[in-house]
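Single-structure report; data block below.
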Amino acid sequence: MSAAPFSQQVSARFGRHAGPYSSQARLQQGVAWRLAHLCAALPIPAAGPRADLGAGSGLVGQALGRQGRLEPMLQLDLCPELLAQNPLAGPDQRLLWDLNQGLPESLQQAALLSSSFALQWLDEPATQLRHWCSRLRPGGWLALAVPTSGSFPEWHQAAAAAGVPCSALALPEAKALEAVAGRGELQLRHCQRLQFSRNYGSGLAFLQQLKTLGASASRCDRLAPGQLRQLLRHWPAPGRVSWEVLLLLAQRPGPNCQP
């Protein structure tokens, strides 16, 4: 029997832990707030659909609402359990959708496409980002936050020192995504690589936190118990973990857009 597609594995893991996600996902909350702050005063076209891609429990949309942007946005995600936790995902504002299939036809000529901590789960992040950019109308905006390959250096270093494979999810390179968003007909209006770090007390505590969030899916094979013990022995104290998060805004220029 063949394994389920990776997107289905990701959805299933998030689904099993959907209940506590919003209260536990503190980094995701903080980044969603930053992304919403960048969008709060944007001159978003009045016409055209708006959507949060990989909306999950609605962190970006709720942050936008608290900062004064109350326009409805389609909440699009593959995980029904997370959408069930999303207060913005009413009957007409939700869509169960696998972003590996591109965007639905209803999002042609979009005024705003936002996405936070979702692009990294897709099979071809740069290809899908290029597709998202192509769906914007003149004057339309893409607002993106995504963890990138500069994340988890402690995990990679511990695996190398222990002589075991690193089972972390392979993350997209920031430079490649920046090139996609700033290429062709779009203009980068904001581009920043944020650095975050946190001490979890131990490497095991960090890995357990990923599991609690449902964010533990990886395309790598699971470590054997002995390999995991070796990894944790080499994890730097006190369970330090670092992220690199790309935050960007890109716009398709229109006749009334400022250069």
Screening L246, L207 for residues that are under 30 Å from A46 (Cβ atoms), surrounded by 18 or more Cβ atoms within 10 Å (Cβ to Cβ) and modelled with pLDDT of 95 or more leaves only L246
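Rundown of residues vs (1) modelled with pLDDT of 95 or more; (2) more than 29 Å from Q208 (Cα to Cα); (3) not in a helix (DSSP H, G or I), yes/no style:
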site: S22; (1), (2), (3): no, no, no
site: L27; (1), (2), (3): yes, no, no
site: V31; (1), (2), (3): yes, no, no
site: L35; (1), (2), (3): yes, no, no
site: L38; (1), (2), (3): yes, yes, no
site: G48; (1), (2), (3): yes, yes, yes
site: A51; (1), (2), (3): yes, yes, yes
site: G56; (1), (2), (3): yes, no, yes
site: V60; (1), (2), (3): yes, no, no
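Is it the case, given these coordinates, that P236 is in contact with a helix residue (DSSP H, G or I) (Cβ under 6 Å, 6 or more places away or on another chain) and outside any strand (DSSP E or B)?
Working: in contact with a helix residue (DSSP H, G or I) (Cβ under 6 Å, 6 or more places away or on another chain): yes; outside any strand (DSSP E or B): yes.
Yes.
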Hey, Q230 hits all of (1) out of contact with any strand residue (DSSP E or B) (no Cβ under 8 Å at 6 or more places or on another chain); (2) on the phi < 0 side of the Ramachandran plot; (3) open to solvent by less than 40 Å² (accessible area, probe 1.4 Å); (4) touching a residue at least 12 places away in the same chain (Cβ under 8 Å) but one; which does it fall short on? (3)
Considering only residues that are touching a residue at least 60 places away in the same chain (Cβ under 8 Å) and of a type in the set (D, E, K, R), which ones fall in the range 138-174? E154
Only one of R183, R193 is basic (K, R), free of Cβ contacts under 8 Å to residues at least 60 places away in the same chain and in a loop (DSSP other than H, G, I, E, B), namely R183
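Report yes if some residue within the range 189-209 is within 30 Å of P138 (Cβ to Cβ) and more than 19 Å from the chain's Cα centre (by Cα); otherwise report no.
Taking the range 189-209 first, the residues within 30 Å of P138 (Cβ to Cβ) are 189-194.
Next, from what is left, pick out any that are more than 19 Å from the chain's Cα centre (by Cα): 189.
The answer is yes, given that some residue of the range 189-209 is within 30 Å of P138 (Cβ to Cβ) and more than 19 Å from the chain's Cα centre (by Cα).
For the range 148-179, name all the residues that are open to solvent by less than 10 Å² (accessible area, probe 1.4 Å) and either over 20 Å from R222 (Cα atoms) or over 15 Å from the mean Cα position of the chain (by Cα) (or both). Before the answer, list the steps.
So the first thing to find is which residues in the range 148-179 are open to solvent by less than 10 Å² (accessible area, probe 1.4 Å), and the list is 148, 151, 158-159, 168, 174, 177.
Once the filter is applied, which keeps residues that are open to solvent by less than 10 Å² (accessible area, probe 1.4 Å) and either over 20 Å from R222 (Cα atoms) or over 15 Å from the mean Cα position of the chain (by Cα) (or both), the range 148-179 yields T148, A158, A159, A168, A174, L177.
Would a scan of the range 124-137 turn up a residue that is of a type in the set (A, V, I, L, M, F, W, C), open to solvent by 20 Å² or more (accessible area, probe 1.4 Å) and in contact (Cβ under 8 Å) with a residue 12 or more places away in the chain?
Of the range 124-137, the ones of a type in the set (A, V, I, L, M, F, W, C) are 126, 129, 132-133, 136.
Still in the list and also open to solvent by 20 Å² or more (accessible area, probe 1.4 Å): 126.
When the remaining residues are screened for being in contact (Cβ under 8 Å) with a residue 12 or more places away in the chain, the result is 126.
Scanning the range 124-137 turns up at least one residue that is of a type in the set (A, V, I, L, M, F, W, C), open to solvent by 20 Å² or more (accessible area, probe 1.4 Å) and in contact (Cβ under 8 Å) with a residue 12 or more places away in the chain.
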Is there a residue in the range 74-85 that is open to solvent by 10 Å² or more (accessible area, probe 1.4 Å), in contact with an Asp or Glu (Cβ under 8 Å, 6 or more places away or on another chain), under 27 Å from R189 (Cβ atoms) and not in a loop (DSSP other than H, G, I, E, B)? yes
When you check E71 against the structure, is it open to solvent by 20 Å² or more (accessible area, probe 1.4 Å) and at pLDDT below 95, yes or no? yes
Looking only at the range 18-54, count how many residues are open to solvent by less than 50 Å² (accessible area, probe 1.4 Å) and closer than 28 Å to S7 by Cβ. 20
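The values are calculated or read from the model by the stated rules, or taken from the named source; none is laboratory data. Here the structure is a predicted model, which means the values were calculated and not measured. Neighbour counts run over all protein chains shown; Cβ positions are idealised from the backbone, glycine included. The protein model used for the area step is the full one, side chains on, heavy atoms only, and it has no ligands, DNA or RNA in it. Shrake-Rupley method; radii C 1.70, N 1.55, O 1.52, S 1.80 Å.
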